[in-house]
Amino acid sequence: MTDVPAREFTTVGVIGLGTMGAGIAEVFARNGHRVIGVEVTDAAVERGRQHLEHSTGRAVKRGKMTEEQQDEILGRITLTTEMKDLAVADLVVEAVVESLEVKKAIFRTLDSIVDPEAVLATNTSSLSVTEISTANSRPGRVVGVHFFNPAPVQNLVEVIRTVVTEPQVLADVVDLLRDLGKNPVVCGDKAGFIANTLLFGYLNHAVAMYEGKYASREDIDAAMRFGCGYPMGPLALLDLIGLDTAYEILDTMYKQGRDRLHAPAPLLKQYVTAGLLGRKSGRGFYTYEAPDSPVVV
Ligand code: NAI
């Protein structure tokens, strides 16, 4: 965009202060934005506050910020249980539970609260941004912003444009994310977006290869680590992600896109049904002594 000056997003609302929302609030506050974080109950607000204090406290311990900077960052964040406090926000990022009903209800409520010029974003990882946007009377001002976990550390943000997202809104959000030091990439509204569509097709193929007894799990993982330079092999990575989570992601993508690359390998379903969920349950493709211990066979 050439002529139009970059839009200022002074105040950013973040709805939901769980794993992702707290991290997203921190990212904006670290970069000088005022943040209004909304949660459902006082207890959830308190959890969000602790998450923020813990995360920034860790950065202080690691020498990545001073205590003064931590105080400044936390001082820019106001936490509330009142959605109406978002009236002053230029941008609202929704990061509540992955439920279409809950997200649509929020976008409906925002309609009567935020300024008509405000930009509305959802951090959904698998739901239709288009469908969420239709709950609001200004779907042209809605985008997906898919931050990766943990948001303060991971640099990639996938920006999802629907068929009605206004080009200027998209450009403004991309500019803003660059200002935050992130690497935004833009894609259409299809479950999985860019990274998970490619990654999970590959992971699923590795399970099918193992299921077909073509190669051992160790050799499949070693081939990708030593041959392709990946930090982890696909089966070890699936154990880390959680086989239940991986199954859900594949299933959602397959049901939406019908790409056979995403039809979950039968063995994955069998493992999940048997309770072999990977590291978190102590056993998946590999067996683990303790949830976070190194791999033992
Ligand atoms: P989470 O369960 O940790 O946090 C969700 C928070 O939303 C909870 O604190 C809950 O109290 C709050 N909440 C629920 N309904 C609310 C409402 N009506 N108003 C305000 N707050 C409400 O979930 P998480 O993991 O942070 O995920 C949030 C979103 O981010 C989901 O859409 C998820 O798919 C997406 N996502 C998650 C990633 C992850 O690794 N966890 C990665 C990228 C995206």
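The values are calculated or read from the model by the stated rules, or taken from the named source; none is laboratory data. Bear in mind that the values here come from a model prediction, so they are computed numbers and not experimental data. Don't worry about glycine lacking a Cβ; one is built from the backbone with ideal geometry, like all the others, and counts go over all protein chains shown.
Structural remarks
- Inside the stretch 153-162, residues that are within 13 Å of the ligand (Cβ to nearest atom), touching a residue at least 24 places away in the same chain (Cβ under 8 Å) and not β-branched (Val, Ile, Thr) make up a count of 2.
- Reported count of residues in the stretch 73-99, each being at pLDDT below 95 and either of a type in the set (A, V, I, L, M, F, W, C) or in contact with a Phe, Trp or Tyr (Cβ under 9 Å, 6 or more places away or on another chain) (or both), is 1.
- Residue selected from the stretch 119-134 under the condition surrounded by fewer than 23 Cβ atoms within 10 Å (Cβ to Cβ) and in contact with a Leu (Cβ under 9 Å, 6 or more places away or on another chain), by the criterion nearest to residue 39 (Cα to Cα): 127
- Odd one out for residue 70, checked against (1) at pLDDT below 95; (2) surrounded by 17 or more Cβ atoms within 10 Å (Cβ to Cβ): (1)
- Condition broken by residue 43, with the remaining ones in (1) surrounded by fewer than 18 Cβ atoms within 10 Å (Cβ to Cβ); (2) closer than 30 Å to residue 252 by Cα; (3) out of contact with any Leu (no Cβ under 7 Å at 6 or more places or on another chain) satisfied: (2)
- Selection from the stretch 105-149 of residues that are farther than 25 Å from residue 195 by Cβ, outside any helix (DSSP H, G or I) and either within 11 Å of the ligand (Cβ to nearest atom) or among the aliphatic types (A, V, I, L, M) (or both): 113, 114, 118, 135
- As a summary of the residue check, residue 162 satisfies the conditions (1) assigned to a loop (DSSP other than H, G, I, E, B); (2) polar (S, T, N, Q); (3) surrounded by fewer than 20 Cβ atoms within 10 Å (Cβ to Cβ) except for the one numbered (3).
- Verdict on residue 189 being over 30 Å from residue 56 (Cβ atoms), assigned to a loop (DSSP other than H, G, I, E, B) and among the acidic types (Asp, Glu): yes
- Qualifying residues in the stretch 1-60 (those that are at pLDDT 95 or above and polar (S, T, N, Q)) - the one farthest from the ligand (Cβ to nearest atom): 10
- When the criteria are applied in full, residue 74 fails the requirement of being farther than 30 Å from residue 139 by Cβ and within 16 Å of the ligand (Cβ to nearest atom).
- Restricting attention to the stretch 244-265, the residues that are in contact with a helix residue (DSSP H, G or I) (Cβ under 7 Å, 6 or more places away or on another chain), outside any loop (DSSP other than H, G, I, E, B) and under 14 Å from residue 208 (Cβ atoms) add up to 6.
- The one condition from (1) among the acidic types (Asp, Glu); (2) within 16 Å of the ligand (Cβ to nearest atom); (3) over 25 Å from residue 134 (Cβ atoms) that residue 101 does not meet is (3).
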